[in-house]
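Asks: Shown below is the structure under consideration.
The values are calculated or read from the model by the stated rules, or taken from the named source; none is laboratory data. Please read all numbers here as calculations on a predicted model, not as lab measurements. Cβ: placed from backbone, ideal geometry, glycine included. Neighbour counts: every protein chain shown. Note: accessible area is taken over every heavy atom of the protein model, side chains too, but ligands, DNA and RNA are not part of it. Shrake-Rupley method; radii C 1.70, N 1.55, O 1.52, S 1.80 Å.
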Amino acid sequence: MVRGRNFSEHDTAISQRVVIVNQAFAKQFFPGQDPIGKHFGIGKPQYSGAFEICGVFADFKMTHARGKVEPLFFRPLSQQFTGYKEIDANAAEQASMFVNFIILDFAAAPKDAETLARRTLAQIDPTLSAFQFDAYDTEVAANFNQDRLIARLSSLFGVLALVLASVGLYGVMSYFVARRTGEIGVRMALGASRSSVVSLVLRGALIQIVLGLALGIPAALFAGRAVASMLYGVSGTDPESFAGATLLLAACATVAALLPARRAASVDPMRALRNE
């Protein structure tokens, strides 16, 4: 609770009907004012004094994590408003008193928490039926099922793309080594060291890696902005993600190029010249 008070046992069916509102509600409907003690209603102007604000709580998102915080208010279940004269408004009020969710906060959750909760609810009101009992973390995680599916699919496609890129670079560098076997043999016959041969092959791979990153990074930045609305907890241009992806791609490309480079360094100069 940011300001005011929460509900108490004194908020009964015959007492003043009270509500607690979030900060977004207070800013939208009572800008620059203290909302505590203010009245409002739902529907027609004649119901404008139906509820009194007794407290303000911090903003939070109930179901849509990527959406903006909407004005929100809560009412005690013990206070049903009976002043509506319209049939549909009165029916909606009665339907709103149905208990959809109950959150139980344990200092340390017992192993038989579900059994204990069902027994306690039955003692309070035998007509209350608990259809499903889940941990709060499970309920929150359910809001991100689609996000997790998209993330897993994106990761799978990313791994496949990385494998294809590495295999492609390996094939190109192997072809490069095969085409220049004679030249490599001559270099080694003239005294070139194995490390210089490896450097020769890796320089060719480095050029391809740099060109690939020069084209890929701007494309990734553009794609990141395009899918920013589908991301949660990270921006479409997150520098850590881009740096990690760049380093991983460079490392895999280096390994893919290193294998043909080492094979080139092990070429027998005499055999290479004879084949040439």
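Asks: Would you mind putting 101-110, 205-214, 14-23 in packing order, based on average other-beta-carbon counts within 10 Å, highest first? Mind dumping the intermediate values first?
Replies: Details: 101-110: 8.2, 205-214: 14.3, 14-23: 17.9.
Packing order, densest peptide first, comes out as 14-23, 205-214, 101-110.
Asks: Also: Once neighbouring chains are kept in place and the probe is 1.4 Å, which whole percent of the accessible area of the range 133-228 is contributed by carbon and sulfur?
Replies: On the way: 4450 of 6380 Å².
Looking at the range 133-228 in its full context, I get 70 percent from C and S.
Asks: So for the chain, averaging the separation of alpha carbon pairs under 8 Å that are six or more residues apart and normalising by length, what relative contact order in percent results?
Replies: Once divided by the residue count of the chain, the mean separation gives 17 percent.
Asks: For the chain, what is the calculated [θ] at 222 nm in deg cm²/dmol (nearest 500), taking -39500 (n - 2.57) for each run of four or more DSSP H residues and dividing by its residue count? Mind showing how you got there, number by number?
Replies: Details: 9 runs with 147 residues, N = 276.
It lands at -17500 deg cm²/dmol.
Asks: Could you work out the relative contact order of the range 3-132? I mean the mean sequence separation of Cα pairs under 8 Å and 6+ apart, divided by the number of residues, in percent.
Replies: Details: 138 pairs, mean separation 33.1, N = 130.
Normalised by residue count, the contact order of the range 3-132 is 25 percent.
Asks: Identify, among Ala256, Leu77, Val197, the residue whose Cα sits farthest towards the positive end of the charge dipole of the chain, taking +1 on the Cβ of Lys and Arg and -1 on the Cβ of Asp and Glu, with the dipole about the Cα centre.
Replies: Of the listed residues, the answer is Val197.
Asks: A further question follows. Would you calculate the separation in nanometres between label points at Phe60 and Val140, each defined as 7 Å from the Cα along the Cα-to-beta-carbon direction?
Replies: The modelled label-to-label distance comes out at 0.8 nm.
Asks: Taking a cut-off of 27 Å between Cα atoms, list the lysines near Lys27, but don't count ones fewer than 8 places away on the same chain.
Replies: Lys38, Lys44, Lys61, Lys68
Asks: Okay, next question. Determine the order of Arg263, Arg194 by accessible area, beginning with the largest, at a probe radius of 1.4 Å.
Replies: Working: Arg263 105, Arg194 135 Å².
From most exposed to least exposed: Arg194, Arg263.
Asks: Still on this structure: Taking the Cα atoms only, what angle lies between the long axis of helix 194-226 and the longest principal axis of the chain, rounded to 10 degrees?
Replies: 30 degrees
Asks: Of Ser241, Leu169, Ala58, which is farthest along the charge dipole of the chain in the positive direction, counting Lys and Arg as +1 and Asp and Glu as -1 at C-beta?
Replies: Leu169
Asks: About the Cα centre of the range 76-218, what is the dipole size in debye to 20, counting +1 per Lys and Arg Cβ and -1 per Asp and Glu Cβ, all else neutral?
Replies: Details: 11 positive and 12 negative charges, 322 e Å.
The dipole of the range 76-218 has a size of about 1540 debye.
Asks: On to the next question. Taking Cα atoms, how many degrees apart are the long axis of helix 87-96 and the longest axis of the chain, rounded to 10 and kept between 0 and 90?
Replies: Helix 87-96 sits roughly 60 degrees off the main axis of the chain.
Asks: Now a separate question. Can you tell me the 0 to 90 degree angle between the C-alpha axis of helix 113-124 and the longest principal axis of the chain, rounded to 10?
Replies: The angle comes out near 20 degrees.
Asks: Mind checking which aspartates and glutamates have their C-alpha under 17 Å from Lys85, skipping anything on the same chain fewer than 8 residues away?
Replies: Candidates past the 8-residue exclusion: Glu93.
Asks: Follow-up question, since we're still on this one. In whole angstrom, and with the biggest value first, how far do the Cα coordinates of the chain range along each principal axis?
Replies: 105, 48, 33
Asks: Suppose we keep just the DSSP beta bridges with both residues in the chain; what percent of those would be antiparallel, to 5?
Replies: Numbers: 6 of 11 bridges.
So the antiparallel bridges in the chain amount to around 55 percent.
Asks: Sticking with this structure for a sec: Give the peptides 91-97, 244-250 in descending order of average Cβ contacts within 10 Å, highest first. Display every interim value, and only then the final one.
Replies: Values: 91-97: 12.4, 244-250: 14.1.
For the peptides 91-97, 244-250, the packing ranking is 244-250, 91-97.
Asks: For His39, His64, give the ranking by accessible area with the largest first, probe 1.4 Å.
Replies: On the way: His39 85, His64 135 Å².
Of His39, His64, the descending order of accessible area is His64, His39.
Asks: Determine the dipole magnitude for the chain: charges of +1 sit on the beta-carbon of Lys and Arg, -1 on that of Asp and Glu, nothing else is charged, the reference point is the Cα centre, and the result goes in debye to the nearest 20. Working shown, then result.
Replies: Numbers: 26 positive and 22 negative charges, 326 e Å.
In debye, rounded to 20, the chain gives about 1560.
Asks: In addition: For the chain, report the accessible area per residue in Å² (1.4 Å probe, heavy atoms, rounded to an integer).
Replies: Numbers: 18820 Å² over 276 residues.
Solvent-accessible surface per residue comes out at 68 Å².
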